[in-house]
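Quick note: the coordinates plus some simple rules give every number you see, no bench work behind them. These figures come from a predicted structure and were not determined experimentally. Note: ideal-geometry Cβ built from the backbone for every residue, glycine included; neighbour counts use all protein chains shown.
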Amino acid sequence: MKSLIIHPEDNSTTFLKPIYKQASNKSVICRSTTPEAIAEGIQTSNRVMIMGHGSPQGLFSMGLFRGIKQIGHWLAIGMKESESLKSSDQNIYIWCNADKYVEYHDLHGFYSGMFISEVGEAMYCGVSNATQEMVDESNNTFAEIVGKYINLPVTELHKKVKQEYGELAKTNSVAKFNCDRIYVR
């Protein structure tokens, strides 16, 4: 399986790197690319893994990709890319509110809803007992588990993540919030 990883470099999302460390036959885009290169990568890959910071409209480029501006936001992945992403049901979408993007565009794969990766996000989402240690444990455990199963079909990946990350969710309220917002379709 040929995999394209789109993960704009950002210190607050480096914890996601273990997710694709073991991905087979991968190409990683972290910075300095063009919309054309992204489009070509999507078209020539069996699985596209998209992760970082985003919104219901798509994945933010974090100012690292040249010439990418859609819907008034700097997006690496937005409405324009949604049609190309329909060619695979094995894609992975991990950013805050990726569920809104995936469902609106009728995409398929493994994806997250609102995902707490910072203490401020926990407070915003009503997880008031969150500490930095809890957030770090949740982030690192999630990435490690997803990375362990990254080469499986998305339905199996989802089952394994829900099961193993779900164990942490029993004692970590940040992981509980996130685990409840991990989906497959």
A correct fewest-to-most ranking of R47, R181 by other Cβ atoms within 10 Å would be R181, R47
Amide hydrogen neighbours beyond the local backbone of K26, cut-off 5 Å, H modeled: S3
Starting from the Cα of E156, move 7 Å in the Cα-to-Cβ direction to define the label point; list residues of segment 93-136 whose amide nitrogen is under 18 Å from there. 109-111
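Report the GluC sites (Glu not before Pro) located in segment 5-41 that are in a DSSP loop and have at most 16 other Cβ atoms inside 10 Å of their Cβ, or state none.
On the way: sites: E9, E36, E40; in loops: E9.
Those satisfying the criteria are E9.
Normalised by the residues of the chain, what does the relative contact order come to in percent, with Cα pairs under 8 Å and at least six apart?
Details: 369 pairs, mean separation 39.5, N = 185.
Relative CO of the chain lands at 21 percent.
Please rank V154, V48, V184, fewest neighbouring Cβ atoms within 10 Å first, as an exposure proxy. Spell out each step's value before the answer.
Details: V154 21, V48 25, V184 18.
Fewest-to-most ranking of V154, V48, V184: V184, V154, V48.
Pulled fully out, how much extra length does the chain show between D136 and D180, if you take 0.36 nm times their separation in residues and subtract their Cα-Cα distance? Write out the running numbers ahead of the final one.
Numbers: separation 44, 0.36 × 44 = 15.84 nm, distance 1.78 nm.
Computed gain between D136 and D180 is 14.1 nm.
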Helix-only mean residue ellipticity at 222 nm for the chain, each DSSP H run of n ≥ 4 adding -39500 (n - 2.57), per residue, nearest 500: -11500 deg cm²/dmol
If one puts a single equal scatterer on every Cα of segment 9-135 and applies the Debye formula without solvent, what log₁₀ I(q)/I(0) results at q = 0.18 Å⁻¹? -1.01
What is the total of Lys pairs in segment 3-184 with C-alpha atoms under 20 Å apart, excluding same-chain pairs fewer than 8 positions apart? 24
Just flag the trypsin sites (Lys or Arg not before Pro) in segment 77-138 sitting in loop per DSSP whose Cβ has no more than 15 other Cβ atoms within 10 Å. K86
When D180, D106, D10 are ranked with the fewest other C-beta atoms within 10 Å first, the list becomes D106, D180, D10
Total formal charge among the other residues, if their Cβ is under 12 angstrom from that of C179, Lys/Arg +1 and Asp/Glu -1: +1
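Summing +1 for each Lys or Arg and -1 for each Asp or Glu, what net charge is found among the other residues whose Cβ lies under 11 Å from the Cβ of L85? Spell out each step's value before the answer.
Values: positive: R47, K80, K86; negative: E81, E83, D89, D106.
So the surrounding residues net to -1.
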